[in-house]
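Participant: Take a look at this one; I'll ask things after.
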Amino acid sequence: MVDEAPSVARDVFGRLPDGRSVERVFLRAADGFEARIITYGATLQALMVPDTEGGVDDVVLGHDDLEGYLSKRQFFGATIGRYANRIANARFMLDGDVVQLAANNGSHALHGGLNGFDRQIWQIAEIGDGMEPWVTLAHVSAHGDEGYPARLDVRVTYRLKNPAELLLTFVGHADRPTIINLTNHSFFNLEGAASDTDILNHRLTIGADRFLAIDPDAIPLLEPPRAVAGTPFDFRTATPIGARIRRDDVQLRHGSGYDHNFCLDCARGLQPAARLEAPRSGRILELLTDQPGLQVYSGNYLDGSIAGKQGRLYRQSDGICLEPQIWPDAPNRPDFPGARLAPDNVYQHRSVYRFVSASSVRWCGGVT
């Protein structure tokens, strides 16, 4: 077992075609737990986590070099904004005015548009060492960027907490009314990003008894959230991800698997939302968040067309995304949690990725 004092380091991960450098920050805790963050997209490039036998593996999909991130947009580990997920027809009403966005997912806007936050060079604003090493990255999005109103100043902080927790904090300020919805888009495989296994045998628990049904474009239907009971979306008790993913279900067809928002009841602040268990390594991830939704994406569109870490071709269900966020298309749905940010308010989002060997957890919404 690795046993080193917490520390922080940084290097140059690569350079863009225009010569700008992309830095990488290493946040190291005890026993080999380590997060590596690059300034391109404020991306979690690697997350090293011990298993039950003391071996340490990287558990997030991605690339070993910058060229991999530049060659094809896959959102591996990136900070997503201004608006994570989809906005129908790439437009919405804000204070009586129509806002037209850049469409990059058919006629819809997805993950911030053509050049979202995942494609920007973020600035390293602060770095801290000590027992809880951390880094804060900052980005300024100009008024009109991808069609969004307001100058938006955003920061994301990655912090390691003992014994093996990664805390993400997002903060945003705007100079006029706008919308905002930030998240991290890591693809997890708790057996290891370069392992020869997919995530279909991972056991998943989600603290939600409702989910949003979607149309074939993955836009939420004009109906209230549906109950998960009696559907393939019932993960209120630990269930292998692949147990029902091949069922002939209209919603699974629309998402080509799981690509749906689960409705959390986290009104009290930071609350447990999901638990992911890997059968071979014994790694367990507990996700806590203060956000009202959790987008669960089972890597349905990974098609083997790109090589990831150690040259592994990523294929369908090689990783799963657990993305805390506001609900998709909320700016067009007054019945959904709001995404409007006023200039006198502060956007805040906290999520914790906690790795444990065994734990007893009470979930949001009273699910245990």
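The values are calculated or read from the model by the stated rules, or taken from the named source; none is laboratory data. Fair warning: this is a prediction, and the values are worked out from it, not measured in the lab. Every residue, glycine as well, gets a Cβ built from its backbone with ideal geometry; the counts of neighbours run over all protein chains shown.
Participant: So, E146, is that one surrounded by 17 or more Cβ atoms within 10 Å (Cβ to Cβ) and over 30 Å from L101 (Cβ atoms) or not?
Facilitator: No: the conditions fail for E146.
Yes or no, residue by residue, for (1) aromatic (F, W, Y); (2) out of contact with any Phe, Trp or Tyr (no Cβ under 7 Å at 6 or more places or on another chain):
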{"position": "L47", "(1), (2)": "no, yes"}
{"position": "P50", "(1), (2)": "no, no"}
{"position": "D64", "(1), (2)": "no, yes"}
{"position": "R73", "(1), (2)": "no, yes"}
{"position": "G77", "(1), (2)": "no, yes"}
{"position": "Y83", "(1), (2)": "yes, yes"}
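Participant: Would a scan of segment 339-362 turn up a residue that is over 30 Å from I245 (Cβ atoms), touching a helix residue (DSSP H, G or I) at 6+ places or on another chain (Cβ under 8 Å) and either part of a loop (DSSP other than H, G, I, E, B) or at pLDDT below 95 (or both)?
Facilitator: Scanning segment 339-362, I find no residue that is over 30 Å from I245 (Cβ atoms), touching a helix residue (DSSP H, G or I) at 6+ places or on another chain (Cβ under 8 Å) and either part of a loop (DSSP other than H, G, I, E, B) or at pLDDT below 95 (or both), so the answer is no.
Participant: Of the residues F26, F13, which single one is assigned to a strand (DSSP E or B), surrounded by fewer than 23 Cβ atoms within 10 Å (Cβ to Cβ), touching a helix residue (DSSP H, G or I) at 6+ places or on another chain (Cβ under 6 Å) and not charged (D, E, K, R)?
Facilitator: The match here is F13.
Participant: What about D335, is it in contact (Cβ under 8 Å) with a residue 60 or more places away in the chain and either over 27 Å from N89 (Cα atoms) or in contact with a Phe, Trp or Tyr (Cβ under 8 Å, 6 or more places away or on another chain) (or both)?
Facilitator: Criteria not met by D335.
Participant: Quickly run through segment 128-141 and pick out the residues that are closer than 11 Å to I37 by Cβ, hydrophobic (A, V, I, L, M, F, W, C) and out of contact with any Leu (no Cβ under 9 Å at 6 or more places or on another chain).
Facilitator: L137, the sole residue that qualifies.
Participant: Mind listing whichever residues of segment 296-320 are assigned to a strand (DSSP E or B) and touching a residue at least 24 places away in the same chain (Cβ under 8 Å)? Steps first, please.
Facilitator: Start the filter on segment 296-320 by keeping residues that are assigned to a strand (DSSP E or B), which leaves 296-297, 303-307, 313-315, 320.
Hits for segment 296-320 are V296, Y297, S305, I306, A307, Y314, R315, I320.
Participant: With respect to A194, is the statement that it is in a strand (DSSP E or B) and either surrounded by fewer than 18 Cβ atoms within 10 Å (Cβ to Cβ) or in contact with a helix residue (DSSP H, G or I) (Cβ under 7 Å, 6 or more places away or on another chain) (or both) true?
Facilitator: On the way: in a strand (DSSP E or B): no; either surrounded by fewer than 18 Cβ atoms within 10 Å (Cβ to Cβ) or in contact with a helix residue (DSSP H, G or I) (Cβ under 7 Å, 6 or more places away or on another chain) (or both): yes.
For A194, the condition - in a strand (DSSP E or B) and either surrounded by fewer than 18 Cβ atoms within 10 Å (Cβ to Cβ) or in contact with a helix residue (DSSP H, G or I) (Cβ under 7 Å, 6 or more places away or on another chain) (or both) - is not met.
Participant: Checking the condition within 17 Å of N300 (Cβ to Cβ), buried (at least 20 other Cβ atoms within 10 Å of the Cβ) and in contact with a helix residue (DSSP H, G or I) (Cβ under 9 Å, 6 or more places away or on another chain), which residue from L204, L212 passes?
Facilitator: On the way: L212 fails: in contact with a helix residue (DSSP H, G or I) (Cβ under 9 Å, 6 or more places away or on another chain).
Only one candidate passes the filter, namely L204.
Participant: Give me the pairs: first residue in segment 69-84 and over 17 Å from V22 (Cα atoms) and touching a residue at least 24 places away in the same chain (Cβ under 8 Å), second residue of a type in the set (S, T, N, Q) and crowded, with 24+ Cβ neighbours inside 10 Å, beta-carbon distance under 7 Å, and six or more apart or on different chains, which are they?
Facilitator: As it stands, the answer is I80/T183; Y83/N181; A84/N181; A84/T183; A84/Q325, since those pairs meet every condition given.
Participant: Mind listing just one residue for me: the one in segment 202-237 that is aromatic (F, W, Y) and within 10 Å of Q251 (Cβ to Cβ) and, of those, farthest from the chain's Cα centre (by Cα)?
Facilitator: Ranking the candidates gives F233 first.
Participant: Please find, among L137, L152, L110, L66, the residue that is crowded, with 16+ Cβ neighbours inside 10 Å, modelled with pLDDT of 95 or more, more than 19 Å from the chain's Cα centre (by Cα) and within 23 Å of V171 (Cα to Cα).
Facilitator: After ruling out the rest, the residue left standing is L152.
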